[in-house]
Amino acid sequence: MFDYNGSFQSAVAVLKREHRYRVFVDLERKVGQFPHALWNSPTGKRDVVVWCSNDYLGMGQHPKLIDAMCAAARTMGTGAGGTRNISGTNRALVELEAELADLHSKEAALVFTSGYVSNHTGIATIAKLLPDCLILSDALNHNSMIEGVRAADCSKQIWRHNDLKHLEELLCRAAAGRPKLIVFESVYSMDGDVAPLEAICDLAERHGAMTYLDEVHAVGMYGRRGGGIAERDGVMARIDVIEGTLAKAFGTLGGYIAGRSAIVDAVRSHAPGFIFTTALPPSIAAAATASIAHLKTSGAERAAQRAAVAATKAALREAGLPVLDTETHIVPVMVGDPAKCKQASDLLLDRHGIYIQPINYPTVPRGTERLRITPTPAHDVRLVRQLADAMVSVWHDLGIALGRYHQPGDQRAQTVAAGG
């Protein structure tokens, strides 16, 4: 008989040999003490400082969100009770979608159970509804977008990352009247670079293409009201579909798309990933609404986060650590070796109480393994200094080269499973 169990064990063994096996760190976040958390280590509970959280602004512990979540749970219960079509459309969700539509100055918004699902099912559904659609996808798009393109089962072309000339060449080859969907991100989460949104919009309008923008690492973070890079750059009205998450800067859970009513209604009515899954609980929806509403009017969190990012980048560069230059809140420190990347992460955690998850292939191309740091408003000067000193100590212990990092030009290959 076939050895089923042995086959699965072999698959995992390959990941371990290539230093790609993911080890989960068991954490207990402590309300009011972010970014400190308890690590359930093999030797017992230990206090650690988290430097790789996607809770970019610390909103996951904000009193307004906790109060909103608890109040909704007390009045409406813990679960939604069904799909959106069958008893699961609660008032908190309806209010959340209105808040999101307003955030992006769009006619409508639609909430999904996660950002991955909103990308996967959103892209696939939109493309399938356009006859003979051609998808043009940036080479460094997130795995959720890549899988959404695949699920669309239509013609696709990959344009070199942020290469406007290449995108224009591909658009010029397509028939003038053919439906075209350009899918891209604003902030790319592993390198921290930003797409040239205005220029992409120019090309889309010139060639009659739709635009689909993933703003998951930008919503809440950029723009006067936290509407993302599109708001910051003044092109929000020119983007056809904006996709975002509630699980990063907004500190809760879920994903969404926002756009014209006709587009959102078509996705709502045709997307399997929306139709056949249970709706978000009202407590989560209420907390997300509270977060978005707060960040629309408060710039304090964004200002404090920018200061922490600047201080972190300056301290790491001054210490001689190989920081990849970015214009955003993403701070990659390059290692370039999968085994040493994991060892560096382990030493930081075990010896220094600093948690930074290693980022290895296939999340990033081989040879560009890194520690991805995301400073928040709660990472003060003392914590920044501790981080820089600890990383220098670990770099010396492992024999990792210090000095400025220079990105090899041939390593900006398409990722196959970019991490969130």
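The values are calculated or read from the model by the stated rules, or taken from the named source; none is laboratory data. Treat the numbers as computed from the prediction; the structure is a model and nothing was measured. Every residue, glycine among them, receives a Cβ derived from its backbone with ideal geometry; neighbour counts consider all protein chains shown. Just so you know, the surface numbers come from the protein's heavy atoms only, side chains and all, with ligands and any DNA or RNA stripped out. Shrake-Rupley method; radii C 1.70, N 1.55, O 1.52, S 1.80 Å.
For the chain, the mean residue ellipticity at 222 nm estimated from helices alone is -13000 deg cm²/dmol, where every DSSP H run of n ≥ 4 contributes -39500 (n - 2.57) and the total is divided by all residues, rounded to the nearest 500.
Sort the range 237-330 into rounded, prolate or oblate with this rule: let a ≥ b ≥ c be the square roots of the eigenvalues of the Cα gyration tensor; rounded if a/c is under 1.5, and if a/c is not under 1.5, prolate when a/b is larger than b/c, oblate otherwise. Since a/c reaches 1.5 and a/b is larger than b/c, the shape of the range 237-330 is classed as prolate.
Taken along the Cα-to-beta-carbon direction at a fixed 7 Å, the label points for TYR21 and ARG404 span 4.0 nm. Over the range 277-418, all Cα pairs binned in 10 Å intervals from 0 give whole-percent P(r) values of 11, 35, 29, 19, 6, 0, listed from short to long. Legend: helices of the chain (whole DSSP H runs) are marked when their alpha-carbon atoms reach 24 angstrom or more along the helix axis and their mean Kyte-Doolittle hydropathy is at least -0.5; marked are 300-318, 381-398.
Decide, for the range 40-82, between rounded, prolate and oblate: order the square roots of the alpha carbon gyration tensor eigenvalues as a ≥ b ≥ c, take rounded if a/c falls under 1.5, and otherwise choose prolate if a/b is larger than b/c, else oblate. All intermediate terms of the calculation are to be shown ahead of the outcome.
On the way: a/c = 2.76, a/b = 1.84, b/c = 1.50.
Prolate is the answer for the range 40-82, as a/c is 1.5 or above and a/b outweighs b/c.
DSSP beta bridges confined to the chain are antiparallel in about 60 percent of cases. Length gained on full extension, GLU28 to ALA98, computed as 0.36 nm times the residue gap minus the Cα-Cα distance: 21.9 nm.
Return the FRET efficiency for the residue pair VAL392, THR43: r is the Cβ-Cβ distance, R0 is 22 Å, and the value is rounded to the nearest 0.05. The partial results should precede the final answer.
Working: r = 26 Å, r/R0 = 1.16.
So, using R0 = 22 Å, E works out to roughly 0.30.
With protein chains left intact and a 1.4 Å probe, residues in the range 228-379 average 32 Å² of accessible area per residue.
Anisotropy class assigned to the range 85-142 is prolate, per the alpha carbon gyration tensor with a/c at or over the 1.5 cut-off and a/b larger than b/c. Taking 0.36 nm per residue of separation and subtracting the Cα-Cα distance, full extension of the segment from ARG150 to LEU164 would add 2.8 nm.
Per 0.36 nm of contour for each residue apart, how much would the distance between ALA293 and ASP350 grow if the chain were fully extended, relative to their Cα-Cα spacing? Intermediate results must be reported in sequence, preceding the final value.
Details: separation 57, 0.36 × 57 = 20.52 nm, distance 3.92 nm.
Full extension from ALA293 to ASP350 adds 16.6 nm.
Rounded to two decimals, the Cα radius of gyration of the range 230-288 over 2.2 N^0.38 Å is 1.28. Heavy atoms of the protein chains alone define the surface here; on that basis the range 1-149 has 51 Å² accessible area per residue at 1.4 Å probe size.
Given a 10 angstrom Cα cut-off, can you work out which residue in ARG74, ARG238, ARG17 is the most mobile in a GNM of the chain? Looking only at ARG74, ARG238, ARG17, the largest GNM fluctuation is found for ARG17. Listed by chain and number, the lysines whose alpha-carbon sits under 24 Å from that of LYS340, ignoring those within fewer than 8 places in the same chain, are LYS16, LYS313. Approximating the spin labels as points 7 Å out from Cα along Cα→Cβ, the ARG206-to-ALA339 distance works out to 5.0 nm.
How much of the accessible area of the chain, probe 1.4 Å, is carbon plus sulfur, in whole percent? Each step should come with its number before you reach the end.
Working: 9560 of 17590 Å².
Using a 1.4 Å probe with all protein chains present, the chain comes out at 54 percent carbon and sulfur.
For the range 98-184, the Cα-based Rg and Dmax, in that order, read 13.9, 40 Å. Structure remark: mean-square fluctuation, Gaussian network model of the chain, C-alpha springs under 10 Å; the largest value among GLY208, GLY353, GLY399 belongs to GLY399. Between THR89 and LYS64, the simple spin-label model (points 7 angstrom out along Cα→Cβ) gives 2.8 nm.
Based on the mean of other beta carbon atoms within 10 Å per residue, what is the order of 146-156, 77-87, most packed first? Display every interim value, and only then the final one.
Details: 146-156: 18.9, 77-87: 14.8.
Order by mean packing, descending: 146-156, 77-87.
For ASP132, project a label point 7 Å along Cα to C-beta. Then give me every residue of the range 211-245 with its amide nitrogen under 13 Å of that point. Counting only backbone N, you get no residues.
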